[in-house]
Amino acid sequence: MTLQCEDGESVLKKTIAAVFFTLKVRHISKVYVTDRRIVIKNRKNEYIKISFDHIHEITVEDQYRLCIRCNTPQRFFTEREEYTRLYLHGLKKKEGGVIAPLEDAKWPDAWRRYLNSLVKKYQTAVAKKKREMQNQEEELLFIEGIQRRPNGLDPFAIVKTKEKVHVWFDDNELNVCTVYATSDHLLVKIKSSDYLVVPYSVIYNSGPEGKDRFCITFSFSQEIEGFSSPLLKMYIKRIPEPGEEYPAKVQERWMEGWQEFFNQVTSAFKAHKGAISHDEMLEMLVEMKHSPTKYSLSNYAKQGWDRACGLAVDRFGGMDDLYLFQTFLLKEYEDMKNRGVAEPDPARQEAYMGSEMAYNAILAYINQHTRSR
């Protein structure tokens, strides 16, 4: 067998089935079930690999079809479209080697019970591991601080962004400084041979402060040479270009760009233990409404994005069951996708597409942050 298993993974069962995600095209495929995932291989040697992490539910539909519903939209085989549902229909060989659909209701029901037992066992083990990780005591692996030094960028530093901005440390204004954002720290050039190095590991929080300043809060007081007292915050302020159009919108996107950047670079230093709290989830849903992705869409698609985020916040506000919330999101995602296909009006099509994209982003976030690490 050509299926490559991961370390410790074993194949438990296999079968041949008609696999499809649209009613028009069905693929005769080999289906392998391991203790961690389902692997499907069609006659073109294209694969679908569905980890038990990605399975939301397994049901029987129309008596003969086994339906595997994923918790995030995925591309199956080489399809360009994303789907959440995958269907399997049993096959049998007739005389002369002809393959025909198996019209036996026992087949999908037996596979439903078998797969559900494996998924439940796997996900129970993951949940147990999450609880163990949550109960572990935090271990402080390093303590870094802000440094003042005479040299600037290291020879091999990778600069992600560079900008001249107004800089403050608490109430100490440094006027205009060049700020370099590298892969592991901010470098603030005060003047020639005078630099401040701010490691991302010391950043506790970041976000807009008022209308024009971006605030970076440190996780503990920073003793820095040349400053009379310990410092708790750093502020940066954009320098407008002469004669620029729509300054308020440019300022808003500047703030969002820095916020997204700091979310990315500080994520490695945050304690992700494979679980997400109700408050964290609600905060993410509110932030998702202002995601930079939205601003690359058309006006109608933005309206669809906002509608989806607003509906998600309203529904989650009174709900504690994440499984039921995911069921709601999947239903809305599928509904927006179907409406977009059937809608003749281009403006409404774009609005449905915006909603579909927002639900996809929310589902991807949930899936990423609820796994065991």
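The values are calculated or read from the model by the stated rules, or taken from the named source; none is laboratory data. These numbers were taken from a predicted model, which means no experiment stands behind them. Cβ coordinates were reconstructed from backbone atoms using ideal geometry, including for glycine residues, and neighbour counts include every protein chain displayed. With ligands, DNA and RNA removed, areas are computed over all heavy atoms of the protein, side chains included. Shrake-Rupley method; radii C 1.70, N 1.55, O 1.52, S 1.80 Å.
Brief remarks on what is shown
- Those residues of segment 307-339 which are among the acidic types (Asp, Glu), free of Cβ contacts under 8 Å to residues at least 24 places away in the same chain and part of a helix (DSSP H, G or I), in sequence order: ASP314, ASP335
- Matching residues in segment 93-117 - criterion: being without any contact (Cβ under 8 Å) to a residue 24 or more places away in the chain, open to solvent by 70 Å² or more (accessible area, probe 1.4 Å) and not hydrophobic (A, V, I, L, M, F, W, C): LYS93, LYS94, GLU95, GLY96, LYS106, ARG113
- Tally of residues being at pLDDT 90 or above and assigned to a loop (DSSP other than H, G, I, E, B) across segment 63-81: 3
- The set of residues from segment 47-70 being more than 27 Å from the chain's Cα centre (by Cα) and of a type in the set (D, E, K, R) comprises GLU61, ASP62, ARG65.
- Residue ID - nearest to GLU82 (Cα to Cα), chosen from residues in segment 36-46 that are more than 23 Å from the chain's Cα centre (by Cα) and open to solvent by 30 Å² or more (accessible area, probe 1.4 Å): GLU46
- Residue in segment 15-27 that is farther than 30 Å from LEU324 by Cβ, of a type in the set (Phe, Trp, Tyr), at pLDDT 90 or above and not in a loop (DSSP other than H, G, I, E, B) present: no
- Restricting segment 194-242 to residues that are open to solvent by 80 Å² or more (accessible area, probe 1.4 Å) and assigned to a loop (DSSP other than H, G, I, E, B), the residue that is modelled with the lowest pLDDT: LYS211
- Test for PHE76: is it among the aromatic types (Phe, Trp, Tyr), open to solvent by less than 40 Å² (accessible area, probe 1.4 Å) and closer than 28 Å to PHE227 by Cα: no
- Every condition in (1) at pLDDT below 85; (2) touching a strand residue (DSSP E or B) at 6+ places or on another chain (Cβ under 7 Å) holds for HIS278 except the one numbered (2).
- Checking ASP321, ASP335 one by one, the residue that is over 30 Å from TRP254 (Cα atoms) and modelled with pLDDT under 90 is ASP321 and no other.
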